[in-house]
1. Scanning the range 130-162 for residues that are among the β-branched types (Val, Ile, Thr) and open to solvent by 10 Å² or more (accessible area, probe 1.4 Å), which turns out nearest to the chain's Cα centre (by Cα)?
2. From the list Gly120, Gly69, exactly one residue is open to solvent by less than 50 Å² (accessible area, probe 1.4 Å) and under 29 Å from Thr19 (Cα atoms). Which is it?
3. So Asp50 clears everything in (1) farther than 15 Å from Phe160 by Cβ; (2) within 17 Å of the chain's Cα centre (by Cα) except one condition, right? Which one?
4. Any residue that is open to solvent by 70 Å² or more (accessible area, probe 1.4 Å), touching a residue at least 60 places away in the same chain (Cβ under 8 Å) and of a type in the set (Asp, Glu) - is there at least one of those in the range 80-91?
5. Is at least one residue of the range 27-39 in contact with a strand residue (DSSP E or B) (Cβ under 8 Å, 6 or more places away or on another chain), open to solvent by 10 Å² or more (accessible area, probe 1.4 Å) and under 30 Å from Asn141 (Cα atoms)?
6. Could you pull out the residue among Ala44, Ala72 that is within 21 Å of Ser117 (Cα to Cα) and either in contact (Cβ under 8 Å) with a residue 40 or more places away in the chain or in contact with a Phe, Trp or Tyr (Cβ under 8 Å, 6 or more places away or on another chain) (or both)?
7. Take Ile54 and decide whether it is open to solvent by 30 Å² or more (accessible area, probe 1.4 Å) and touching a Cys at 6+ places or on another chain (Cβ under 6 Å).
8. Checking Lys49 against (1) closer than 30 Å to Ser14 by Cβ; (2) in a loop (DSSP other than H, G, I, E, B); (3) open to solvent by 20 Å² or more (accessible area, probe 1.4 Å); (4) touching a residue at least 12 places away in the same chain (Cβ under 8 Å), which test does it fail?
Amino acid sequence: MGIYTKKGDKGKTSLYDGTRVKKYSLRVETYGSIDELNSQISVAQKFCKDPKNIELLDTIQNNLFIVAGELANEDAANFYKNSKSIGADDTKLLENVIDEYTAKLPVLHEFILPGRSVAGAHLHLCRSVCRRAERLVDHLNDETTIRPDVLKYVNRLSDFLYILARDEDYVDQLEGLVDKILETYKKEVN
């Protein structure tokens, strides 16, 4: 398959089902934002230190391909002939991680700046891209019907990215403390 087709040279693109639409259509903007989020998650993942978070982000990236595929199709049923769908179990995974991490992280009593670590900063950027994508999914839902499972998943995903950012900041902070303790110990031993 070639990289360029020249089919979009006149400002139109094909949806998954072959329907031609303007490149600035709400549907294209919506699944394009999901694609942008997926790319940003890939960047954030490269800075994560917690192996569990790295693995979770792999799962999220695969799920976002499915979300984008559904959104890139005027007839979602046609898409699901060749793909699985995002469902309640996918959203439940996000909720379980949010609950688990909320229980282990220090309680917050104020708003926080977005990201104290590089991974945390990138994950907060993912969260804000996710919020934009969520607004677009909701807008598209006003024009056509988006499955409620997709709406819930994208909504919960921004909360998930927030808690992962906090976790990566916490991991980074703990590593910094361990480094300081080791440095102090080495000075005392020498």
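The values are calculated or read from the model by the stated rules, or taken from the named source; none is laboratory data. Keep in mind that this is a model prediction, so the values were computed, not measured. Methodologically, a virtual Cβ is constructed for each residue, glycine included, from the backbone with ideal geometry; neighbour enumeration extends over all protein chains shown. These area figures cover heavy atoms from the full protein model, side chains too; ligands, DNA and RNA do not enter into them. Shrake-Rupley method; radii C 1.70, N 1.55, O 1.52, S 1.80 Å.
1. At the first step, the residues of the range 130-162 found to be among the β-branched types (Val, Ile, Thr) are 137, 144-146, 150, 154.
This time we only want the ones that are open to solvent by 10 Å² or more (accessible area, probe 1.4 Å), so: 144-146.
Numbers: Thr144: 23, Thr145: 22, Ile146: 18 Å.
Applying the filter and picking the extreme gives Ile146.
2. On the way: Gly120 fails: under 29 Å from Thr19 (Cα atoms).
Result: Gly69 is the single residue among Gly120, Gly69 that is open to solvent by less than 50 Å² (accessible area, probe 1.4 Å) and under 29 Å from Thr19 (Cα atoms).
3. (1)
4. no
5. Step one: filter the range 27-39 for residues in contact with a strand residue (DSSP E or B) (Cβ under 8 Å, 6 or more places away or on another chain), giving 27-28.
Filter once more, so that each one left must be open to solvent by 10 Å² or more (accessible area, probe 1.4 Å): 27-28.
Those still in the list that are under 30 Å from Asn141 (Cα atoms) too: 27-28.
Yes, some residue in the range 27-39 is in contact with a strand residue (DSSP E or B) (Cβ under 8 Å, 6 or more places away or on another chain), open to solvent by 10 Å² or more (accessible area, probe 1.4 Å) and under 30 Å from Asn141 (Cα atoms).
6. Values: Ala72 fails: within 21 Å of Ser117 (Cα to Cα).
It is Ala44.
7. On the way: open to solvent by 30 Å² or more (accessible area, probe 1.4 Å): yes; touching a Cys at 6+ places or on another chain (Cβ under 6 Å): yes.
In short, yes.
8. The failed condition is (1).
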